[in-house]
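Structure first, then comments.
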Amino acid sequence: MIAGGLGNVIDRIRIGAVVDFVDFYWRLWHWPAFNFADAYIFIAAGFVIVCRF
């Protein structure tokens, strides 16, 4: 979680916004754009939840 959060903070400091560059779509279905830092935060949070039980 720290790596993902730090990546987003660095983007905010450097360019004033977080850059989203992963964009999935298939025909009419479109997943919201995200970056790898967001994915790392989500995956780490999932591991924390799973490991607590």
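Quick notes
- For the chain, trypsin sites (Lys or Arg not before Pro) are listed when DSSP marks them as loop and at most 13 other Cβ atoms sit within 10 Å of their Cβ; the list is R27.
- Relative contact order, whole percent, for the chain stands at 41, derived from Cα pairs under 8 Å and 6 or more residues apart.
- Simple rule: put +1 on each Lys or Arg Cβ and -1 on each Asp or Glu Cβ in the chain, find the dipole, and look at I13, H30, I43; the Cα lying farthest toward the positive end is I43.
- Dipole check for the chain: with +1 at the C-beta of Lys and Arg, -1 at the C-beta of Asp and Glu, and the Cα centre as origin, the magnitude is about 100 Debye.
- Considering every alpha-carbon pair of the chain, the percent of pairs per 5 Å bin, from zero through the bin containing the longest distance, is 4, 19, 21, 19, 16, 12, 8, 1.
- Spin-label pair I15/A45, simplified geometry with 7 Å Cα→Cβ offset, distance in nm: 2.3 nm
- Modelled FRET efficiency - R0 35 Å, A3 with H30, Cβ distances, 0.05 increments: 0.80
Just so you know, all these numbers are worked out from the coordinates, no wet-lab data involved. Model, not experiment: these values are computed from the prediction. Note that each Cβ is placed from the backbone with ideal geometry, even for glycine, and that neighbours are counted across all protein chains shown.
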